[in-house]
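The values are calculated or read from the model by the stated rules, or taken from the named source; none is laboratory data. All values derive from a computational prediction rather than experimental measurement. Here the Cβ is made from the backbone with ideal geometry for all residues, glycine too, and neighbour counts use every protein chain on show.
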Amino acid sequence: MTLIAEFALFWAAAYVAGVTIMFVVALAVIAINRRHPERRIQKRQPTHSARKDIISSLGQIAVTATCLSAGLFAQWKGWTINPVALSWWSFPLFFAISVVLHDAWFYFGHRLLHSKAFYRFHKQHHMTVTPTVWSNDAGSSVDTLFAHSYYALVLFVIPIPALSLIAHRLFDQVSAIIGHSGHEYFANATSRAPWPLICVTYHDQHHSEFVYNYANYFSWWDRICGTIHPHYDRIIKGWEETDARPPMPKAKEKISG
């Protein structure tokens, strides 16, 4: 079997898995959301075409599959540094390391995409001011490469076991679909200061106001760099105290208390 044919098998497996996960998780989340309209974050209804987002996503998942399969294929061929042997401790440890590294990669790449020079590649994703489960992968190929070229490169510098990286990609896709769902189910004390974890409202605020909350999994880079939404922690506390959407002030609005 030629190298191209071998790589094609890796790519096909990654693509089929990505598309399957998108539809299964998105449809499940939609079903849950329909039963809980009180958990909707924004009053504004989504206006962007779900059909257009799905078509775009099918193309962008192909880009992501190329990045992931390139890294895994290179490791399988022995072209990367040797991975740590898979064990009960190495799997969770390197999964956690990869998530933390990717969060930094995503944050600074995302900030760059919002710069004047690169925003044209990210603008398509921000057409969804009120995001939906279909918004996650929709965008341009350059946009996708900023986020997911990580999977093609990280195995050349960190000895991550393949299964840890695959698990990280699974977590990344599922959490991102939920993060674009427009409904809040996870707001609690651990998703606001002093904890670094985040919830759905975090990325929803990024879509609705554009210049806050750039990170992917944790809030620390936004807190350190001063790009966290100024009312985020207060809003999350509001979610904790009610079974429905609390007041959702914009960044420039002053609130008392």
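Report the residue count in segment 126-142 for those that are in a loop (DSSP other than H, G, I, E, B) and either under 23 Å from R39 (Cα atoms) or out of contact with any His (no Cβ under 8 Å at 6 or more places or on another chain) (or both). First the steps, then the outcome.
Just the residues of segment 126-142 that are in a loop (DSSP other than H, G, I, E, B), to begin with: 128-140.
Adding the requirement that they be either under 23 Å from R39 (Cα atoms) or out of contact with any His (no Cβ under 8 Å at 6 or more places or on another chain) (or both) leaves 128-137.
Adding up the residues that qualify gives 10.
Go over the candidates L68, L72, L3, L9 one by one and state the one that is hydrophobic (A, V, I, L, M, F, W, C), surrounded by fewer than 16 Cβ atoms within 10 Å (Cβ to Cβ) and at pLDDT 95 or above. Walk me through how you get there before you give the answer.
Numbers: L68 fails: surrounded by fewer than 16 Cβ atoms within 10 Å (Cβ to Cβ); L72 fails: surrounded by fewer than 16 Cβ atoms within 10 Å (Cβ to Cβ); L3 fails: at pLDDT 95 or above.
That would be L9, the only listed residue that is hydrophobic (A, V, I, L, M, F, W, C), surrounded by fewer than 16 Cβ atoms within 10 Å (Cβ to Cβ) and at pLDDT 95 or above.
Filter segment 15-41 down to the residues that are surrounded by 15 or more Cβ atoms within 10 Å (Cβ to Cβ), among the hydrophobic types (A, V, I, L, M, F, W, C) and more than 17 Å from the chain's Cα centre (by Cα) and list them by number.
Within segment 15-41, I30, I41 qualify.
Take segment 11-46 and flag every residue that is in contact with a helix residue (DSSP H, G or I) (Cβ under 9 Å, 6 or more places away or on another chain) and either over 28 Å from A167 (Cα atoms) or of a type in the set (D, E, K, R) (or both).
R39, R40, I41, Q42, R44
Identify, please: which residue in segment 201-257 is in contact (Cβ under 8 Å) with a residue 60 or more places away in the chain, acidic (D, E) and within 28 Å of A96 (Cα to Cα) and is, among those, surrounded by the most Cβ atoms within 10 Å (Cβ to Cβ)?
The extreme case among them is D204.
W195 is checked against (1) among the aromatic types (F, W, Y); (2) modelled with pLDDT of 95 or more; (3) touching a His at 6+ places or on another chain (Cβ under 7 Å) and fails just one. What number does that condition carry?
(3)
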